[in-house]
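To start, the structure under review is shown below, and the notes come after it.
The values are calculated or read from the model by the stated rules, or taken from the named source; none is laboratory data. Since the model is a prediction, treat every value here as computed from it, not as a measurement. Glycine gets a Cβ as well: all are built from the backbone with ideal geometry, and neighbour counts include every protein chain shown.
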Ligand code: HEC
Ligand code: HEC
């Protein structure tokens, strides 16, 4: 009988497919997730002796004394981060443009705001924000602290379109916030300052230290030696990344520094994208010093495989294009960073072979951290239920126990089991279309008779 089902399931098709996500109160664990403990591997906190550049993250943390991460504070931050109510027409949240599965960036070159408008630059990853020692935020470093930065998207005319007063009043009017503010701050008063603090705590808690890179790094004494868990190609790419240019490398580590692969303190850099300024970047933020013209923040390369497209304008679609830029495309802009010039002050030509270019890409991919991408504590707390209307061919699957399943929205974290009103019995296939619209909840179960 069972093989019979399979045949019918695979030929039956319902003509529409959609997932409608209901807007609900956030679903949170009774004890908050742990955001405050950082179980960093030793290589994060121990500098490699005699290394010309710092390798540890010691002294880099931009967490201010008056806003340490607490589990309840970051929990409130998580809810604010995912709450679409906090935009002019209740359609956009921070997560619309900073998606966990895309390294907390956005696969769109420019992001779409609440009213369909486009942002001026490509969205940035939020990973390892806390280890940017200068503590400045945005590509052009225009905000001096994260606490100031996190209030800007709400007030941006394209992004979320609110005033701070409106923000406070919307937050105050949601039934779920008083308790969360009490847990985080001791009483239920909603203030802009508390919103900023909670969001900053959540953002600072997004750090990556469980990639293939970290597993290898933990087995050797420094960044230089071959990692036992790497392929020969990945180890070659690592050498090219770390080595200076005269030694045949790409000097990438000069700017993408430390185990967090985030710039240490030299400030915004010009990595040679344009011959003439197309976007003044940090030049607008620091108008009195011409060296900042066309310079941009160097954010982390952790999870870089997931954050395409690349650069402040998202001009490169793939990591291969990024590497080709450094290999042959660096432009002689007046503020080009010294690290990317040769002895004559001209842009470097790395002249990598195809093998070397592929090796660099392979190395960058060792920094992919799927634990972080899938960690429930960084996921959307609002999706706890959704209605599925599916295409049997593509959206249902049968596992080896003959359980019927469907593909939920990526961010859905409950266990998905189909509710009992979709009972498939021996009278298949004629009952199947009844299953086309299902209410899925965290506790639903499916029965196949
Ligand atoms: C409509 C899309 C959009 C929304 C909504 C949005 N952002 Fe962003 N975010 C961006 C873009 C684009 C940038 C880069 C802008 C720039 O540098 O000029 C950015 C940059 C940032 C940065 C700077 C990262 C760094 O390393 O400097 C942080 C932090 C950030 N956003 C957090 C948030 C938070 C928190 C929210 C919600 C309150 C939010 N964003 C909402 C698109 C968005
Ligand atoms: C002089 C400093 C410097 C050096 C050296 C350097 N980079 Fe960069 N890198 C930057 C800056 C600054 C940016 C952001 C530029 C922008 O968007 O305008 C960047 C961006 C990137 C990005 C895209 C990041 C994103 O989130 O979009 C990748 C990938 C990257 N670099 C890899 C490398 C590799 C690989 C090397 C070595 C071949 C290297 N970098 C060498 C400064 C540097």
Legend entry - Residues within segment 120-170 that are within 7 Å of ligand 1 (Cβ to nearest atom) and surrounded by fewer than 19 Cβ atoms within 10 Å (Cβ to Cβ), tallied: 3
Inset, instruction - Just name the residue that is farthest from residue 99 (Cα to Cα) out of those in segment 315-331 that are in contact (Cβ under 8 Å) with a residue 40 or more places away in the chain and either near ligand 2 (Cβ under 7 Å from one of its atoms) or surrounded by 20 or more Cβ atoms within 10 Å (Cβ to Cβ) (or both). - result: 330
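For every residue, the table says whether it meets (1) within 16 Å of ligand 2 (Cβ to nearest atom); (2) within 26 Å of the chain's Cα centre (by Cα); (3) without any contact (Cβ under 8 Å) to a residue 60 or more places away in the chain; (4) crowded, with 19+ Cβ neighbours inside 10 Å.
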residue	(1), (2), (3), (4)
206	yes, yes, no, yes
210	no, yes, no, no
234	yes, yes, no, yes
238	yes, yes, no, yes
247	yes, no, yes, no
251	yes, yes, no, yes
260	yes, yes, no, yes
264	yes, yes, no, yes
270	yes, yes, no, yes
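Residue under question is residue 24, and the condition is that it be part of a loop (DSSP other than H, G, I, E, B), modelled with pLDDT under 85 and touching a strand residue (DSSP E or B) at 6+ places or on another chain (Cβ under 8 Å); does it hold?
Answer is yes for this residue.
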Legend entry - Residue in segment 172-185 that is under 24 Å from residue 369 (Cβ atoms) and either away from ligand 1 (no atom under 16 Å from the Cβ) or assigned to a loop (DSSP other than H, G, I, E, B) (or both) present: no
Inset, instruction - Test residue 89 against the criterion of being surrounded by fewer than 24 Cβ atoms within 10 Å (Cβ to Cβ), in contact (Cβ under 8 Å) with a residue 60 or more places away in the chain and in contact with a helix residue (DSSP H, G or I) (Cβ under 6 Å, 6 or more places away or on another chain), and give yes or no. - result: no
Inset, instruction - May I ask you to say which residue of 277, 285 is more than 30 Å from residue 99 (Cβ to Cβ) and within 16 Å of ligand 1 (Cβ to nearest atom)? - result: 277
Inset, instruction - Kindly provide the set of residues from segment 100-110 that are surrounded by fewer than 22 Cβ atoms within 10 Å (Cβ to Cβ) and either in a loop (DSSP other than H, G, I, E, B) or within 15 Å of ligand 2 (Cβ to nearest atom) (or both), ordered by number. - result: 102, 107, 108, 109, 110
Legend entry - Conditions (1) within 9 Å of ligand 2 (Cβ to nearest atom); (2) more than 22 Å from the chain's Cα centre (by Cα); number of the one not met by residue 284: (1)
Legend entry - Members of segment 133-172 found to be within 16 Å of ligand 2 (Cβ to nearest atom) and modelled with pLDDT of 95 or more, listed by number: 136, 137, 138, 139, 140, 141, 142
